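Here the structure comes first, spelled out in structure tokens, and everything after it is commentary.
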Amino acid sequence: MSSKATNMTPTQQLANAAATVYTVPANTLGVIRHIHVQNPSALPVTFTMSLGADAAGKRIYDAYSIPAAAAGQPASVLDVFCYYVLPAGTTVQAFAGTAATLTFTMDGQELTAG
């Protein structure tokens with residue numbers, strides 16, 4: 001089994017409706033190791049993320065409020081180091097309460113059989 005560190009999603013601004021940001025490739029296990037979300041706006045914005053198609057039972061963040069950016073406000077960034085193992089074909093979906101506001105990226109590993 002080979003392993004590679006990977007940026008699972010390019011840095012992007014999230015839409016305001018659930019959209020797939022990553023799909024685990026065939027014959028691969030995806031391991032999410034780091035989630036980074038930043039709110040550079042002057043207002044708080046909610047963040048929702050699901051492992052699988054978006055539904056209440058699949059959300060690891062459900063309308064999580066990220067505070068507005070302000071001088072000396074480190075809380076306007078959500079930086080989570082984690083360990084979510086996803087089988088081949090699993091999708092990750094995410095969205096913001098306000099379109100094109102939150103900046104999102106996700107890093108991890110892909111373990112490929114063979």
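Every number in this text was worked out from the coordinates using simple rules, so none of it is lab data. Keep in mind that this is a model prediction, so the values were computed, not measured. Backbone-built Cβ (ideal geometry, glycine too); neighbour counts: all protein chains shown.
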The chain, dipole about Cα centre (Lys/Arg Cβ +1, Asp/Glu Cβ -1), debye to the nearest 20 = 80 debye
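How high is the relative contact order of the chain, in percent, counting Cα pairs under 8 Å that sit 6 or more residues apart?
On the way: 305 pairs, mean separation 57.9, N = 114.
In percent, rounded to a whole number, it is 51.
Give me the compactness ratio for the chain, meaning the Cα radius of gyration over 2.2 N^0.38 Å. Provide the component values of the computation, followed by the final result.
Values: Rg = 14.4 Å, N = 114, 2.2 N^0.38 = 13.3 Å.
Computed over Cα atoms of the chain, the ratio equals 1.08.
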